[in-house]
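Taken together, the values in this text are just the output of simple stated rules run on the coordinates, not laboratory data. Quick caveat: nothing in here was measured; it's all calculated off a predicted structure. All Cβ positions, glycine included, derive from the backbone under ideal geometry; neighbour counts span all protein chains shown.
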């Protein structure tokens, strides 16, 4: 059971193993491109290409879904980024267990956005965990876990790709060695929860510390992206770097004010520290280098990046 690209390595790894996948379950097709086209999820595309039986129930609570899953007589239900909670009736169906791979070191960062929140909060370590699925979100007993370091400039696409592969390997180990694994209860007192990313999370408010703004940029770039306001319009920040604490420090500048304009970069003051912007995208236009932005908009140090 899975839907987005993150689940692909797990499906592929299991499909190429000695185990037999009796059914692939993903969410129904969604409209995309402003509703003009129906988009197939990465998991559906893979299942179709590899002639795996596919099921896309509109709801897991309907009798049809329960009957279809019961007929599989599966040993395991394996869940990776499926996007839906499993009702208790479904949790009881597999002969052995329902197993989930979650890209965090549980009980930290339960919920829908663990990788983004690891970056938002400046974590230096993260990982992935396999667990038994319970009715409470991401609260089941832990089976196996694997850690990895987060690089100082790593963004969400790189981290997601790495954790997707790690999750696939950990899942296969979990299924292969299930009889040798002793499940360990999570410490609920140490749990933290994430939420869905919202539009306001994408807004760069320069009255925050530069390091916090850079963490937000890393967590949400390239998708869905971060932005600020420039001359009253939304300006996407496509690339930026965090400056060392002792660089470009000048007194008398307010958050959002430009400290310097170089040939290929703009350095902007924050509440504490500064950031150098390297690539931008004006509203309804293509991404451009800062050099083109400076020349096209005749940028001066009187301009301000607002929010």
Let me confirm something: among 199, 155, 180, 205, which residue is surrounded by fewer than 16 Cβ atoms within 10 Å (Cβ to Cβ) and within 24 Å of residue 307 (Cβ to Cβ)?
199
Of those in the stretch 16-42 that are in contact with a helix residue (DSSP H, G or I) (Cβ under 8 Å, 6 or more places away or on another chain), in contact (Cβ under 8 Å) with a residue 12 or more places away in the chain and more than 18 Å from residue 65 (Cα to Cα), the residue surrounded by the fewest Cβ atoms within 10 Å (Cβ to Cβ) is 17
Can you name the condition, by its number, that residue 64 falls short on among (1) over 22 Å from residue 172 (Cα atoms); (2) touching a strand residue (DSSP E or B) at 6+ places or on another chain (Cβ under 9 Å); (3) not in a strand (DSSP E or B)?
(2)
Hey, can you tell me all the residues within the stretch 283-301 that are out of contact with any helix residue (DSSP H, G or I) (no Cβ under 8 Å at 6 or more places or on another chain) and touching a residue at least 12 places away in the same chain (Cβ under 8 Å)?
283, 287, 289, 290, 291, 293, 294, 297, 300, 301
Among the residues of the stretch 205-249, count how many are assigned to a loop (DSSP other than H, G, I, E, B), closer than 22 Å to residue 112 by Cα and either in contact with a strand residue (DSSP E or B) (Cβ under 8 Å, 6 or more places away or on another chain) or touching a residue at least 60 places away in the same chain (Cβ under 8 Å) (or both).
4
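Kindly indicate whether residue 148 is in contact with a strand residue (DSSP E or B) (Cβ under 6 Å, 6 or more places away or on another chain) and buried (at least 22 other Cβ atoms within 10 Å of the Cβ).
On the way: in contact with a strand residue (DSSP E or B) (Cβ under 6 Å, 6 or more places away or on another chain): yes; buried (at least 22 other Cβ atoms within 10 Å of the Cβ): no.
It is false that residue 148 is in contact with a strand residue (DSSP E or B) (Cβ under 6 Å, 6 or more places away or on another chain) and buried (at least 22 other Cβ atoms within 10 Å of the Cβ).
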